[in-house]
Amino acid sequence: MGDTLFYDTLRHGLWVAAMVSMPILSVALITGLVVGLFQALTSIQEMTLTFVPKLAAIVGVFWVTMGFMTESLVSYFQNTLIPIIAGG
């Protein structure tokens, strides 16, 4: 395996990882900002108030995007990693 193939495979793997994690991370960020704004406006400083809505939003988005995540990872493995492992 040459350096070019190694770095190209690594770059593609990192891109797939970023694309797969983007929906969950963006929803966690938006939910955290909304809950933080709500806490600042109402002066409620409860720690579980930030945890529970964020967890519920992450689980919901994970459930909705599970097909996309699985398809992306399977496609990456079948088209990129398995041919390299098999020697093609």
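The values are calculated or read from the model by the stated rules, or taken from the named source; none is laboratory data. Only a predicted model underlies this, so the values are computations on that prediction, with no experimental measurement involved. Cβ coordinates were reconstructed from backbone atoms using ideal geometry, including for glycine residues, and neighbour counts include every protein chain displayed. Surface areas here come from the heavy atoms of the whole protein model, side chains and all, with no ligands, DNA or RNA. Shrake-Rupley method; radii C 1.70, N 1.55, O 1.52, S 1.80 Å.
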Index of the failed condition, residue 63 passing every other in (1) more than 29 Å from residue 6 (Cα to Cα); (2) among the hydrophobic types (A, V, I, L, M, F, W, C); (3) touching a residue at least 60 places away in the same chain (Cβ under 8 Å) | (3)
Residue match in the range 66-87 (condition: in contact with a Ser or Thr (Cβ under 6 Å, 6 or more places away or on another chain) and either modelled with pLDDT of 95 or more or not β-branched (Val, Ile, Thr) (or both)) | no
Quick check, is residue 16 assigned to a helix (DSSP H, G or I) and farther than 21 Å from residue 70 by Cβ?
-> no
So, of the residues in the range 70-88 that are in contact (Cβ under 8 Å) with a residue 12 or more places away in the chain and over 10 Å from residue 16 (Cβ atoms), which turns out to be nearest to the chain's Cα centre (by Cα)?
-> 81
Selection within the range 1-38 - hydroxyl-bearing (Ser, Thr, Tyr) and either open to solvent by less than 80 Å² (accessible area, probe 1.4 Å) or over 30 Å from residue 79 (Cβ atoms) (or both) | 9, 21, 26, 31
Residue tally, condition open to solvent by 40 Å² or more (accessible area, probe 1.4 Å), polar (S, T, N, Q) and in contact with a Pro (Cβ under 9 Å, 6 or more places away or on another chain), over the range 44-77 | 0
Taking the condition at pLDDT 95 or above and either among the basic types (Lys, Arg) or open to solvent by 90 Å² or more (accessible area, probe 1.4 Å) (or both), does residue 41 pass?
-> no
Residue 48 passes all but one of (1) closer than 30 Å to residue 87 by Cα; (2) free of Cβ contacts under 8 Å to residues at least 40 places away in the same chain; which number fails?
-> (1)
